[in-house]
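Remarks on the structure that follows.
The values are calculated or read from the model by the stated rules, or taken from the named source; none is laboratory data. These numbers were taken from a predicted model, which means no experiment stands behind them. Here the Cβ positions follow ideal geometry from the backbone for every residue, glycine too, while neighbour counts run over all protein chains shown.
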Amino acid sequence: MAGLIPKSFIQDLIERADVVEIVDSRVPLKKAGKNYQACCPFHNEKSPSFTVAPDKQFYHCFGCGEHGNAIDFLMKYDGLEFPEAVEELAHMLGLEVPRETTANPAEDARKRAQQASDYEQMERAAKFFAHQLRHHSNSPQVIEYLKGRGIQGETVKQFQIGYAPDGWDGLLQALGSDQRSRQQLLDLKLINRNEQGRHYDFFRDRLMFPIRDRRGRVVGFGGRILQGDGPKYLNSPETRIFHKGRELYGFYEARQAHRELSQVVIVEGYMDVVALAQAGIDFAVASLGTATTADQLQMLFRATRKVICCYDGDRAGREAAWRALENALPLLQDGIEMNFLFLPDGEDPDSLVRREGAQPFLHRLNQAQSFIDYFFSHLTETIDVQTDAGKSLLLKQTKPLLERVASEFYRNILIERLARLLRYEVSQLRASITNVTAQQPHTPQLKMTPMRRAIALLLQQPEIGKEVPLHPELAGLKLPGVKLLLRLHEQIHQGAMSTAQLLELWRGEREEQALRQLARWEHHLNSENMAQEFYAIFAYFIDLFVEQRANELLAKEQQAPLSRAERQEYLTLLQYLKDSESR
């Protein structure tokens, strides 16, 4: 671990920072006597009760009670942990954060230097791809492709869109001048290494979309195929600086375009974000090819009071929307609006905004289905609520969902709507619904990646592991924690059927403390939903492995023809991926 930040430095940072300037950079302030005012960014209000006092270097909301200094504001508004907020404030003031000496100061310094170098290398890669888009021999065709999609030069520059050359090792030759840099490129998944030990570029002959974190640092890439075989989109695998479930493509650019985001629309693809921005709808983000996670939603709810989930109208799009709604239940607070828009068959935001224009698309967004309406339209889609059996089934399915709703307002509205559907008295229904978990806002204790969620669910309800066959081949998945997950899964199949038994097996191991922490994680799920979520995450890991294996075979074929068995395997994998997308 890095050393602690000296308290003296934090005090000096607070002294140097101007809380008015920090707040005003995110929430426009107006002078009000000796202080400054605005409508509170942390709850919904029409009259300003949020006050910033320059003499006290303190902010306070008389409406919701939020208060603090510049670091507190960055933590709350940007969704940062304390060390991250200190780093961000220091960065804004042009200062470097010192660290106190620890048991291994040399190792701490090495890790900090490595992280800084990683971000610099990713930025160099983004500049390399951007340069290739302008100067590579294939650039006329690639630029023509972009023009055909209606993307202009200013938008390309705004998102730093680039091109990965079609050669074997263009990026490697440009950035991998020595063994150390080649290893770094390998660690950052910018290059691969084949069985013969040769290195080659991970992205080749693809349109490149840099993925930036909340601070604007490039942490990963999405690559869109231009022609030929292979997955339509190839995303950076998880690395030490990139965690897919915690980032949103276009979020940084949207924050740069708007000092205050009045709304954000979640779409499915990189080109959707870019095409909408091109049309002037510059508040779209994409969830990197996965269902919108709790971490992503929490980041959005901290940045805006209105989120619109815009998905294709097919089965996959509707399933993704429902997963987003389920993830939002413990996060939605009073004053936050979440709506759902499903596009016509065969359309996506990219095609629709190019065909119809910005105003009709904005009209569609304004007509999006409310959270409440979508909640019940989804649940009643296959239930006949006119029958007693249908009513009892609806109550059974709805009750555990209501118990996860954090917002008192939304919970009451949902109960009232459900009472009308069931023809119950509202007071009778409310009394029958326990609401232990929803009494306080959801505050995750861990940044829960899909891997951590799977391990936590397996630890807390081991019997769900019995329902899933062992998949030892997943040990080849290049994802941190997969071997730990598979070992736990194996131990359950060997007879460890309680949390205490599992933890005892790991006593004295270096993973013990992490497992104990995950065993205490509050997931706010009932038993049935725990199983469903575990199965979904496990299926997601299988999809990742299949995609990884298909890419490995595709890379191998570029060196030498595949054997008949390998070719058949590749076709089988592609069919699996195609079927998976349609599920």
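Structure notes:
- Taken together, the residues in the stretch 405-435 that are in a helix (DSSP H, G or I) and aromatic (Phe, Trp, Tyr) amount to 2.
- The conditions of being modelled with pLDDT of 90 or more, small (Gly, Ala, Ser) and under 16 Å from the mean Cα position of the chain (by Cα) are met by residue 321.
- Qualifying residue in the stretch 349-361 (condition: buried (at least 18 other Cβ atoms within 10 Å of the Cβ), touching a Lys or Arg at 6+ places or on another chain (Cβ under 9 Å) and assigned to a helix (DSSP H, G or I)): yes
- Residues that are modelled with pLDDT under 75 and small (Gly, Ala, Ser) were ranked within the stretch 99-119; the one that is nearest to residue 13 (Cα to Cα) is 109.
Here is a yes/no grid of residues against (1) among the hydrophobic types (A, V, I, L, M, F, W, C); (2) in a loop (DSSP other than H, G, I, E, B); (3) farther than 17 Å from residue 269 by Cα:
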| site | (1), (2), (3) |
| --- | --- |
| 155 | no, no, no |
| 163 | no, no, yes |
| 177 | no, yes, yes |
| 182 | no, no, yes |
| 208 | yes, no, no |
| 211 | yes, no, no |
| 214 | no, yes, yes |
| 219 | yes, no, yes |
| 239 | no, yes, yes |
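- Subset of the stretch 348-357 (residues that are closer than 11 Å to residue 281 by Cβ and either of a type in the set (Lys, Arg) or out of contact with any Leu (no Cβ under 8 Å at 6 or more places or on another chain) (or both)): 357
- Number of positions in the stretch 365-398 that are without any contact (Cβ under 8 Å) to a residue 40 or more places away in the chain, within 29 Å of residue 267 (Cα to Cα) and surrounded by 15 or more Cβ atoms within 10 Å (Cβ to Cβ): 4
- Number of positions in the stretch 303-316 that are crowded, with 17+ Cβ neighbours inside 10 Å and in a helix (DSSP H, G or I): 1
- Selection of first residues in the stretch 190-204 that are at negative phi and of second residues that are of a type in the set (Gly, Ala, Ser) and in a strand (DSSP E or B), restricted to Cβ pairs under 7 Å at least 6 apart or on distinct chains, gives the following pairs, ordered by first then second residue: 201/164; 203/164; 203/223; 204/164.
- When 300, 261 are checked against the criterion of being at negative phi, surrounded by fewer than 21 Cβ atoms within 10 Å (Cβ to Cβ) and touching a strand residue (DSSP E or B) at 6+ places or on another chain (Cβ under 9 Å), 261 stands alone in meeting it.
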